[in-house]
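Let me begin by presenting the structure, written as structure tokens, before commenting on it.
Readers should treat all values here as calculations from the given coordinates under stated rules, not as data from a laboratory. This structure is a prediction, so every number in the text was calculated from the model and none was measured. Cβ: placed from backbone, ideal geometry, glycine included. Neighbour counts: every protein chain shown.
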Amino acid sequence: QPGKSFRNLELRPRSACSLPTTLHFLRLQYVMSKITKTENEWREQLSEVEYKVLREKDTEPPGSGEYDKFKPSQGYFVCKGCGNPLYSAAAKFNSGCGWPAYDKCFNGGVATHTDKSYGMERIEILCAKCDGHLGHVFVGEGMTPTNERHCVNSVSVKYIDQPVPAELTESKVT
């Protein structure tokens, strides 16, 4: 049933498809519910540094994060705040910027917001499920085929050493 929730999943109609027999089937898309916690709940769950970056949009010093130079051959990265899948290990590359860099993300995993802080305009990237601050995406540098560099704070993500779930697909965020 559209709109019915089932364990943090909500079923919503996505589109109808028709077959030559004129039978119509409703395709359903699973939409994850947003994580909503109080600031005190976030403070209890996260370390002080994780809280500052994920909830207050701080940035870890360049070259200090555990995933900056880490390049696994398989696996994926999830949001440290809620476990939402964000990036595959295959999307990670060494940009030399001092933070982990990815050139694409899992569809629906990352949201964007225009960040006008520090007298400039940048594209902020957030976890689509809990709105945790991940970093910024830079476009047009020509470093990868997608022409995107997701500059992510190591403290915002956690590496999962398992194959990427088959239902996850990747694309550019812009």
Whichever lysines have a C-alpha closer than 18 Å to that of residue 57, once near sequence neighbours (fewer than 8 apart) are set aside | 37, 80, 116, 129, 158
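Cβ neighbours within 10 Å, averaged per peptide: list 138-145, 120-127 in order, most packed at the top.
The densest-packed peptide leads the list: 120-127, 138-145.
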Which one of 94, 173, 145 is farthest out on the positive end of the charge dipole of the range 62-174, using unit charges on Cβ (Lys, Arg +1; Asp, Glu -1) and the Cα centre as origin?
-> 94
Hey, which aspartates and glutamates would be in cross-link range of residue 172, C-alpha to C-alpha under 16 Å, not counting anything within fewer than 8 residues on its own chain?
-> 103, 124, 141, 148
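Over the Cα atoms of the range 22-174, Rg to Rh with Kirkwood Rh, two decimal places?
Working: Rg = 15.9 Å, Rh = 16.1 Å.
Over the Cα atoms of the range 22-174, Rg/Rh equals 0.99.
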Give, as a single signed number, the net charge of other residues whose beta carbon lies under 13 Å from the beta carbon of residue 94, with Lys and Arg counted +1 and Asp and Glu -1.
-> +2
